[in-house]
Amino acid sequence: MFGMFKNSLFGNTEETEYKLLSSETKDGVSFEVRRYDAAKFAAVSSEGRTFDQVTGELMRKLLMYIGGSNEQGEAMGTAAPIIMTVYPRNDGVFSRRLVVAIRIPTSYQQEPPTPTDSAIRIEERPGMTVYALQFGGFAGESEYRAEALRLTRTLGETAPFQRKQYFCCSYDPLRPYGRRNEVWFLQEEP
């Protein structure tokens, strides 16, 4: 457990690299269009509980894994962001299905340590292009929903993005202040 906090508070955080395709402002709302390469992620899922009830628990599992709670006892450092895949209902409220993932740091991409927690799986995720909207503060379901609505309105009804799921991202969930959060919409590929 100490490894998780040591890595998160004192270690270097490896932020997932991306290619900035554009930076835009519409109606006073600034967002970016980014391209992320394929990579391996540690992921854990939950069904049946709300976003606010379960995100902390799922994040801790992943931070413990990269902090050294794995079969090799390897503390990998930290990576950002933690990506929470949400599945909104038609009214915008999140369904009770959630996937939380963290990118395996670069030096472990070829051979990620084996998780000791059977709930954690290692998955290869394809590259993706996203519309990204950044905001600060403590973020729970209501804050992510409000920012997703803001991005939806800014992009408009005809923008080519997936509407059945989106990503809620936390870059520094253990920081008591100055948090960075983002909402990502997955651009539909032509």
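The values are calculated or read from the model by the stated rules, or taken from the named source; none is laboratory data. Keep in mind that what you see is a predicted model, and the values were worked out from it rather than measured. In this analysis, Cβ positions are derived from the backbone assuming ideal geometry, glycine residues included, and neighbour counts consider all displayed protein chains. Just so you know, the surface numbers come from the protein's heavy atoms only, side chains and all, with ligands and any DNA or RNA stripped out. Shrake-Rupley method; radii C 1.70, N 1.55, O 1.52, S 1.80 Å.
Once amide H atoms are placed 1.01 Å from N in the peptide plane, what residues at a sequence separation of 5 or more from ALA119, or on another chain, have their amide H within under 5 Å of its amide H?
Close amide H contacts, sequence-distant or interchain: none at all.
Return the long-range amide H neighbours of GLU14 (sequence gap of 5 or more, or a different chain), with a cut-off of under 5 Å between placed amide H atoms.
Close amide H contacts, sequence-distant or interchain: THR78, ALA79, ALA80.
Would you kindly derive the ³J(HN,Hα) couplings of the stretch 133-145 from the backbone phi angles with the Karplus curve 6.51 cos²θ - 1.76 cosθ + 1.60 (θ = phi - 60°), listing them in order in whole Hz, with x for Gly and Pro?
10, 9, 8, x, x, 6, 10, x, 4, 5, 5, 5, 5
Which whole-number value in Å² is the accessible area per residue of the stretch 14-186, probe 1.4 Å? Don't jump to the answer; show the numbers that get you there.
On the way: 8410 Å² over 173 residues.
Value for the stretch 14-186: 49 Å² per residue.
Within the chain, what is the longest stretch that has no trypsin sites (Lys or Arg not before Pro) placed in a DSSP loop and near at most 15 other beta-carbon atoms within 10 Å?
Values: sites that count: ARG49, ARG89, ARG163, LYS164.
Free of exposed loop sites, the longest segment is 90-162.
What relative contact order, as a whole-number percentage, does the chain give when Cα pairs under 8 Å and 6 or more residues apart are counted? Walk me through the intermediate numbers first.
Numbers: 384 pairs, mean separation 50.3, N = 190.
Relative contact order here is 26 percent.
So for the stretch 4-139: antiparallel DSSP bridges make up what percent, rounded to the nearest 5?
Values: 31 of 34 bridges.
Percentage antiparallel, nearest 5: 90.
What accessible surface, in Å², does a 1.4 Å probe find on MET128, ignoring ligands, DNA and RNA and rounding to the nearest 10?
Accessible surface of MET128 is approximately 30 Å².
To the nearest 20 Debye, how big is the dipole of the chain about its Cα centre, given +1 on the beta carbon of each Lys and Arg and -1 on that of each Asp and Glu? Can you show the working numbers first?
Working: 23 positive and 25 negative charges, 69 e Å.
Once rounded to the nearest 20, the dipole reads 340 debye.
May I ask you to give the percent of accessible area on the stretch 14-186 that is carbon plus sulfur, with a probe radius of 1.4 Å? Present the calculation step by step, with values, prior to reporting the outcome.
Working: 3890 of 8410 Å².
With neighbouring chains kept in place, the figure for the stretch 14-186 is 46 percent.
Any idea which of ALA148, ALA43, TYR166 is furthest toward the positive side of the dipole for the chain, if Lys and Arg beta-carbons carry +1 and Asp and Glu beta-carbons -1?
ALA148
The stretch 53-84: which GluC sites (Glu not before Pro) are DSSP loop and have at most 14 other beta-carbon atoms within 10 angstrom?
Details: sites: GLU57, GLU71, GLU74; in loops: GLU71, GLU74.
When the GluC sites (Glu not before Pro) of the stretch 53-84 are filtered for loop state and at most 14 Cβ neighbours within 10 Å, GLU71 remain.
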